[in-house]
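For reference, the structure is listed below as structure tokens.
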Amino acid sequence: MGVIIYLNHLNQPTMSSAATKDTTVWQISIEVPKCLDEPVTELLSALLEQPASAYCPLESDSAIVSAFITERSQWSRERNHQLKRQVLEFFPGETKNQNWKATCRKIKANDWQESWKRHFKPLEIGSRLLIKPSWNRRKPRKSQSLIVLDPGLSFGTGQHATTRFCLEEIERLQSKLNNPSLLDVGTGSGILAIAAAKLGYIPVKAFDFDPDSVTVTRDNAESNDVSDLIRVSRSDLTKLKPETASKYDLVCANLMHDLLKSHAETILNRLKPGGYLLLAGILTEQFPAVKECFQRLGCKQIKTQIEKEWKSGSFQLPA
């Protein structure tokens with residue numbers, strides 16, 4: 001029998017959780033080659049210091065990277081040029097002969113929300129998870145756990161390769177471990193922690209440095225009736241004290257590569273001997289350095305997955 005998970009969005013908090021149907025926002029849209037949808041999304045998110053994401057029409061070779069802002073001044077000509085320079089510098093081959101198309105238009109929140117009903121389709125992840133919006137009538141198979149997800153003001157569709165890898169591994173490893181526990185480092189919307197709680201992990205702990213993410217995760221956990229199974233807190237890797245660390249059977253760290261390398265020992269201090277570590281959010285060319293860092297500390301690589309520009313890995317600490 002499947003479990004049902006209700007979420008406001010996947011893996012990222014909404015740009016403005018206080019937005020109402022009459023809120024006026026500005027949508028930044030940048031057309032890029034489809035192969036650059038996720039790297040440009042990461043760059044735009046870092047530039048604005050808030051979530052951005054991408055929509056990839058199946059019939060097109062291009063993707064639309066978008067973000068939503070509440071003040072027009074947040075997107076200036078200087079910021080547009082800064083992002084363009086970064087993309088051209090990091091991806092000269094992919095952007096050769098490509099025109100830079102960036103727009104910023106005023107919209108109402110309810111106009112955006114209604115438009116998503118035409119684009120947001122059910123998505124299967126692994127063999128036991130199905131993500132769909134609340135308005136879709138598709139039923140899960142008996143073996144599937146259902147995630148009911150309505151997007152907020154960011155394009156969190158569940159198609160990000162790193163999130164999908166983590167969900168698949170959480171599902172796979174649950175049957176290999178005895179009464180497993182889980183730590184979600186950088187929880188975002190809490191989807192990994194909520195999925196783990198629904199699949200039987202106990203205890204489950206999640207933390208994030210962003211207070212909005214902590215609020216969103218708590219709200220999502222409560223709406224899914226797992227708030228008593230997940231301990232959510234605001235923290236970051238620099239505040240974790242190794243000498244007092246609780247240890248877990250599975251640790252998920254979906255973070256930028258520089259954070260993974262600089263805090264590798266802190267992350268491993270949270271892992272039980274024989275436990276598993278999921279590392280995601282890493283560009284393919286950056287993965288070897290991350291892998292070497294954790295292998296040097298005693299981890300064995302168990303599994304990797306490459307999708308588009310992203311590479312994720314599952315590691316095990318010796319018993």
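Kindly check whether there is at least one residue in segment 79-88 that is part of a strand (DSSP E or B), of a type outside the set (V, I, T) and closer than 16 Å to E31 by Cβ. Show your work before the answer.
In the first step, residues of segment 79-88 are kept if they are part of a strand (DSSP E or B); the result is none.
Among the residues of segment 79-88, not one is part of a strand (DSSP E or B), of a type outside the set (V, I, T) and closer than 16 Å to E31 by Cβ, which makes the answer no.
Residue by residue through segment 139-148, note down the ones that are in a loop (DSSP other than H, G, I, E, B), surrounded by 11 or more Cβ atoms within 10 Å (Cβ to Cβ) and not polar (S, T, N, Q).
K139, P140, R141
Could you figure out which of (1) under 20 Å from L43 (Cα atoms); (2) of a type outside the set (V, I, T); (3) modelled with pLDDT under 80 isn't true of P151?
(1)
Could you tell me which residue of segment 94-109 is nearest to V32 (Cα to Cα), considering only residues that are part of a strand (DSSP E or B) and hydrophobic (A, V, I, L, M, F, W, C)?
Applying the first criterion (part of a strand (DSSP E or B)) to segment 94-109 yields 101-108.
Applying the additional criterion that residues be hydrophobic (A, V, I, L, M, F, W, C) yields 102, 104, 107.
Values: A102: 9, C104: 15, I107: 22 Å.
Applying the filter and picking the extreme gives A102.
Only one residue in L279, L250 is modelled with pLDDT of 85 or more, assigned to a strand (DSSP E or B) and touching a Pro at 6+ places or on another chain (Cβ under 9 Å). Which one? Full working, then the answer.
On the way: L279 fails: touching a Pro at 6+ places or on another chain (Cβ under 9 Å).
L250 is the lone residue from the list that is modelled with pLDDT of 85 or more, assigned to a strand (DSSP E or B) and touching a Pro at 6+ places or on another chain (Cβ under 9 Å).
Here is a check on your reading of the model: is D212 farther than 19 Å from G281 by Cα, surrounded by fewer than 14 Cβ atoms within 10 Å (Cβ to Cβ) and not β-branched (V, I, T)? Don't jump to the end; show me each part of the working.
Working: farther than 19 Å from G281 by Cα: yes; surrounded by fewer than 14 Cβ atoms within 10 Å (Cβ to Cβ): no; not β-branched (V, I, T): yes.
No: the conditions fail for D212.
Quick check on segment 71-78. Is at least one of its residues of a type in the set (S, T, N, Q) and modelled with pLDDT under 85? Lay out the reasoning, then the answer.
To start, the set of residues in segment 71-78 that are of a type in the set (S, T, N, Q) comprises 73-74, 76.
The next check asks that each one be modelled with pLDDT under 85; those that pass are none.
The answer is no, given that none of the residues of segment 71-78 is of a type in the set (S, T, N, Q) and modelled with pLDDT under 85.
Kindly indicate the residue of segment 234-252 that is in contact with a helix residue (DSSP H, G or I) (Cβ under 7 Å, 6 or more places away or on another chain) and of a type outside the set (D, E, K, R) and also nearest to K176 (Cα to Cα) among those meeting that condition.
Residues of segment 234-252 in contact with a helix residue (DSSP H, G or I) (Cβ under 7 Å, 6 or more places away or on another chain): 234, 237, 240, 242, 250-252.
Next, from what is left, pick out any that are of a type outside the set (D, E, K, R): 237, 240, 242, 250-252.
Working: L237: 28, L240: 28, P242: 27, L250: 11, V251: 15, C252: 16 Å.
Taking the candidates together, the pick is L250.
Name every residue in segment 284-319 that is in contact (Cβ under 8 Å) with a residue 24 or more places away in the chain, surrounded by fewer than 17 Cβ atoms within 10 Å (Cβ to Cβ) and part of a strand (DSSP E or B), in order of residue number.
I302, K303, Q305, E307
Counting just the residues of segment 39-73 that are of a type outside the set (A, V, I, L, M, F, W, C) and in contact with an Asp or Glu (Cβ under 6 Å, 6 or more places away or on another chain), which one comes out farthest from K308 (Cα to Cα)? Before you say what the answer is, go through the steps one by one.
Restricting attention to segment 39-73, the residues satisfying the condition of being of a type outside the set (A, V, I, L, M, F, W, C) are 39, 41-42, 45, 49-51, 53, 55, 57, 59-62, 66, 70-73.
Those still in the list that are in contact with an Asp or Glu (Cβ under 6 Å, 6 or more places away or on another chain) too: 39, 62.
Working: P39: 10, S62: 14 Å.
For segment 39-73, the residue satisfying everything is S62.
Mind listing whichever residues of segment 254-276 are assigned to a strand (DSSP E or B) and hydroxyl-bearing (S, T, Y)?
Our first condition is that a residue be assigned to a strand (DSSP E or B); within segment 254-276, this holds for 254, 271-276.
Answer for segment 254-276, where residues must be assigned to a strand (DSSP E or B) and hydroxyl-bearing (S, T, Y): just Y276.
Looking only at segment 270-283, count how many residues are on the phi < 0 side of the Ramachandran plot, out of contact with any Cys (no Cβ under 9 Å at 6 or more places or on another chain) and buried (at least 18 other Cβ atoms within 10 Å of the Cβ).
First pass over segment 270-283, keeping only residues on the phi < 0 side of the Ramachandran plot: 270-273, 275-280, 282-283.
Now restrict to residues that are out of contact with any Cys (no Cβ under 9 Å at 6 or more places or on another chain): 270, 272-273, 275-276, 282-283.
Subset that is buried (at least 18 other Cβ atoms within 10 Å of the Cβ): 270, 275-276, 282.
Counting residues in segment 270-283 that are on the phi < 0 side of the Ramachandran plot, out of contact with any Cys (no Cβ under 9 Å at 6 or more places or on another chain) and buried (at least 18 other Cβ atoms within 10 Å of the Cβ) gives 4.
I need the full set of residues from segment 189-209 which are on the phi > 0 side of the Ramachandran plot and surrounded by fewer than 24 Cβ atoms within 10 Å (Cβ to Cβ), in order please. Steps first, please.
Restricting attention to segment 189-209, the residues satisfying the condition of being on the phi > 0 side of the Ramachandran plot are 190, 200.
Within segment 189-209, G200 is the sole residue that qualifies.
Which of the residues belonging to segment 26-72 are without any contact (Cβ under 8 Å) to a residue 40 or more places away in the chain and basic (K, R)?
Passing the criteria: only K34.
The conditions are (1) at pLDDT below 85; (2) in a helix (DSSP H, G or I); (3) farther than 23 Å from A52 by Cβ, and S127 fails exactly one of them. Which is it?
Condition not satisfied by S127: (2).
Listed residues S60, S17, S29, S115; which is at pLDDT 80 or above, surrounded by fewer than 18 Cβ atoms within 10 Å (Cβ to Cβ) and small (G, A, S)? Write out each step before concluding.
Values: S60 fails: at pLDDT 80 or above; S17 fails: at pLDDT 80 or above; S115 fails: at pLDDT 80 or above.
One residue alone meets the criteria, S29.
The values are calculated or read from the model by the stated rules, or taken from the named source; none is laboratory data. Because the structure is predicted, anything quoted here is derived from the model rather than measured. FYI the Cβ positions are ideal-geometry reconstructions off the backbone, even for glycines, and counts take in every protein chain you see.
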